[in-house]
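Here is the structure we will look at.
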Number of protein chains: 4
Amino acid sequence: MGRKRSYTEAELLDVTKKLLLEHGYDGFHLKLLSEHLVGARSTIYQYFANKEEIVAACMKRVMRSIMSKSAEVDETDSLAALQQILYVYVEESDFHQLLGDAHKINVANSEAAARDMSYIEQGHEELKVQLGRIFAKANGEGNLRQDVPLPAQISVFFNLINTPNVLRMPLDEWSKLLFSMWMKGVAK
Amino acid sequence: MGRKRSYTEAELLDVTKKLLLEHGYDGFHLKLLSEHLVGARSTIYQYFANKEEIVAACMKRVMRSIMSKSAEVDETDSLAALQQILYVYVEESDFHQLLGDAHKINVANSEAAARDMSYIEQGHEELKVQLGRIFAKANGEGNLRQDVPLPAQISVFFNLINTPNVLRMPLDEWSKLLFSMWMKGVAK
Amino acid sequence: MGRKRSYTEAELLDVTKKLLLEHGYDGFHLKLLSEHLVGARSTIYQYFANKEEIVAACMKRVMRSIMSKSAEVDETDSLAALQQILYVYVEESDFHQLLGDAHKINVANSEAAARDMSYIEQGHEELKVQLGRIFAKANGEGNLRQDVPLPAQISVFFNLINTPNVLRMPLDEWSKLLFSMWMKGVAK
Amino acid sequence: MGRKRSYTEAELLDVTKKLLLEHGYDGFHLKLLSEHLVGARSTIYQYFANKEEIVAACMKRVMRSIMSKSAEVDETDSLAALQQILYVYVEESDFHQLLGDAHKINVANSEAAARDMSYIEQGHEELKVQLGRIFAKANGEGNLRQDVPLPAQISVFFNLINTPNVLRMPLDEWSKLLFSMWMKGVAK
DNA sequence: CATGAATGAGCATTCATTCAT
DNA sequence: AATGAATGAATGCTCATTCAT
């Protein structure tokens, strides 16, 4: 039996996520990664076959986390559901920034990366379906404005996630505030 | 005398902008740029001394455009002014994405790039001042909710810009719709 | 662990010295260097961070060698000391040719190169001080002509070093011969 | 008839000489040259077909100048002749530094450069012959030490030329001083 | 003739990946 | 398993030279 691994795959992916957020996909290098881990650069290849696989695995992990959380949302009360979903998304707001570069991954080299990316694609679909379902329900219950097309409302809702939390409020309060602004507007 | 230039500086910067938006700062290469222009890679150096200067010039140009438009906004009616500003920003919504990487530019190599970046910095300040002024006025006139901190309202307003225009509406209508949702909310 | 290095740093610097003497600073390329070593050009970067550091390290090494030798010179008998010094310098006559280009090194890029160059500068000073001291002593003891300014005598002495050893004599004999010509002249 | 030439070939070669001395062969660029002349870089090609030809022409000119001067030396009195020759060489002491890089010129590209270089080669031979003749005469007349091989004496004589004129004396005095040291030595 | 623009070859450097220990 | 060394592909940039005006 060989030596003990000096870090876990999860740690590697955590650092990867941090660096991807800090530097973007093109600014993310294995050299950079190895500098934020304990061992040599080449050791990384014990965990993943190439750069693409690392990034893909990282993105997949984030997607899985989002999906498990959003699956737990109770959709009975549509507005309450939207608020919960907003909270989930705000909590993982890195998510979008991160996945925004998904298309840059060159999937040709790596089977594993390709699998991960297709998982992510499916996840995206499921999330969209869920959101569409809840919005449709809310709309059907007469909770939403009729003079604004539903897709526009969804788009604005979704984009709320990225609003910088300038006041550094706790995320549950912050998401409630966002939800309130989204629902009632800012006019007095 | 001398040959005719095969493309103008403006064309170069247009392509640069497009590529920066597509690939981000780190994904932007002179090879890529030259492939989207007519000539050889080295020809680019007839226009700019190095990569940093190109990016800086591109960003400066975008900033200048935004600033001249936002300077024309009539601030008499604060709410109308906000709506106009939203339109200006939505029209140039690339702007933020683009300038988000401004800090990555290594300014040490190039005098010209340094000058451009400082122009951009000042521009940022002026825009913030203008927005703060109008919001303060709107708030003073009692147009805004008091139960949400002003910075949070500004943050949401600003973030609206990035909302994807899923319905591909004309930008004037789209910005009015966004403004309406921001003011009145989406609740029925 | 890891592979065995295919050449030592000392070997690299030896080759560098040879090439610098052959081609001068501006004619010295890493491509050239790599062609005189076993591996690929990029392997050189395992040893030094950039071209400047290589050249600086090479020069520093030569300076260190000269200084340790000249520090061992016994200055009791001033004329004997000069003869010994001449021998030291003749032995390392490349030295001056090599360091003549020291000012061309762009030190801005590299901390390490800057350190090396400042070491070299100090070394130069120390050597000048030593030579001045011995000449002053020799002059004070009445060993030197009074009708020729001392700096001119020093300059000629120093310049002797570069005299091509056309007869390929052993360096100790050659330096004695030079010293004899310098002291007694060539006239019968 | 076209425009008037903005500088003469001689001016171009003067500047070339200055820059070659300052930067060495490898540090000499046409860009640098054009910056020290009035027109555009490409204008240089109206005068010479390529870089090699410029350098070769420059060296040839220097050689021609030396040769015409040294041809005027009266060889009747061998020691006086040597003193005169030393003066000629000291006056054009750049000469050696300059021609030291002659071997770097790639003669394959240019017929004209090849011709110039062969002229220089011949010149070198003639100068050596002249010096050898005078030294032989001086030796035959019993003017020189017998305990030092003649080639060594010649070598030292020749190398005197490069002695830095630290005191900035007028060149005729300086060359006399050098000659005196060479003949009589520095010992009291 | 003069020149500004265009170009390709060449070098410095970085980085993902492979190898040998 | 871990790792330091080796490597080739890619990119930024410079420069001699050619072209078109």
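The values are calculated or read from the model by the stated rules, or taken from the named source; none is laboratory data. Because the structure is predicted, anything quoted here is derived from the model rather than measured. Cβ: placed from backbone, ideal geometry, glycine included. Neighbour counts: every protein chain shown. Just the protein is used for accessible areas: all its heavy atoms, side chains included, with ligands, DNA and RNA removed. Shrake-Rupley method; radii C 1.70, N 1.55, O 1.52, S 1.80 Å.
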Q: Can you tell me the relative contact order of segment A:1-107? Whole percent, Cα pairs under 8 Å, sequence separation 6 or more.
A: 31
Q: List the residues whose amide H sits under 5 Å from the amide H of residue B:29, counting only those 5 or more places along or on another chain, with H placed 1.01 Å from N in the peptide plane.
A: none
Q: Average the reciprocal distances over every distinct pair of alpha-carbons in segment D:100-151, invert the result, and give the Kirkwood radius in Å.
A: 13.5
Q | Cα→Cβ-extended label distance, 7 Å offset, between residue B:65 and residue D:108, nm | A | 5.1
Q) Share of chain B's accessible area from carbon and sulfur, percent, 1.4 Å? A) 51
Q: Indicate the gyration tensor shape class of segment C:5-140 (rounded, prolate or oblate), computed on the Cα atoms with a ≥ b ≥ c the square roots of the eigenvalues: a/c under 1.5 is rounded; otherwise a/b larger than b/c is prolate and the rest oblate.
A: prolate
Q) Along Cα→Cβ at 7 Å, what distances in nm separate the residue B:42 label point from those on the other copies, shortest first? A) 1.4, 2.4, 3.7
Q. Of A:128/B:17; D:69/D:184; C:17/C:60; C:69/D:184; B:31/B:51, which sit over 20 Å apart, Cα to Cα?
A. A:128/B:17; D:69/D:184; C:69/D:184
Q | Distance between segment B:121-188 and segment A:111-129 - C-alpha centres, whole angstrom | A | 34
Q) Other chains' Cβ within 10 Å of C:141-151 residues: what's the mean? A) 3
Q | GNM top mover of C:147, C:26, C:101 - chain C, alpha-carbon springs below 10 Å | A | C:147
Q) Which FRET efficiency value, to the nearest 0.05, do you get for residue C:124 and residue D:36 by plugging their Cβ-Cβ distance into 1/(1 + (r/R0)^6) with R0 = 35 Å? A) 0.70
Q: For every other residue with a beta carbon closer than 15 angstrom to the beta carbon of residue B:171, add +1 if it is Lys or Arg and -1 if Asp or Glu, then tell me the sum.
A: -2
Q.
Keeping every protein chain present and rolling a 1.4 Å probe, give me the accessible area per residue for segment D:88-153 in Å².
A. 50
Q. Per-residue mean of other chain beta-carbon atoms within 10 angstrom of the beta-carbon, peptide A:157-165?
A. 4
Q) Using the Kirkwood radius built from alpha carbon pairs, what does the Stokes-Einstein equation give as D for segment A:58-136 at 37 °C and 0.692 mPa s, in µm² per second? A) 245
(Q) Helix-only estimate, please: 222 nm mean residue ellipticity of the protein assembly as shown, summing -39500 (n - 2.57) across DSSP H runs of length 4 or more and dividing by its residues, to the nearest 500. (A) -20500 deg cm²/dmol
Q. Normalised by the residues of chain D, what does the relative contact order come to in percent, with Cα pairs under 8 Å and at least six apart?
A. 24
Q: Starting from the Cα of residue B:139, step 7 Å along the direction of its Cβ; do the same at residue B:184; then give the gap between the two resulting points in nm.
A: 2.5
Q: Using the Cα centre as the reference, give the magnitude of the dipole from point charges on the C-beta atoms of segment C:9-184 (Lys, Arg: +1; Asp, Glu: -1; all else neutral), rounded to the nearest 20 debye.
A: 260
Q. Of the listed peptides D:157-164, B:167-174, what is their order by residue-averaged count of other C-beta atoms within 10 Å, with the highest listed first?
A. D:157-164, B:167-174
(Q) Need one value for C:175-188: mean number of C-beta atoms belonging to other chains within 10 Å of its residues' C-beta atoms. (A) 6
Q. What span do the alpha-carbon atoms of the protein assembly as shown cover on each of the three principal axes, reported in whole Å from largest to smallest?
A. 126, 83, 49
**Q.** Most mobile of A:49, A:81, A:108 in a GNM of chain A (Cα contacts under 10 Å)
**A.** A:108
Q. Taking R0 as 25 Å, what's the FRET efficiency between residue C:80 and residue C:162 from their Cβ-Cβ distance, rounded to 0.05?
A. 0.65
Q) If one computes the Cα centroid of segment B:39-110 and of segment C:7-59, what distance in Å separates the two points? A) 44
Q. With a sphere of radius 10 Å drawn around the Cβ of residue A:106, what net charge do the other residues whose Cβ falls strictly inside it have (Lys, Arg +1; Asp, Glu -1)?
A. +1
**Q.** Label spacing, shortest first and in nm, from residue C:100 to its equivalents in the remaining copies (7 angstrom along Cα→Cβ)
**A.** 0.1, 5.7, 5.8
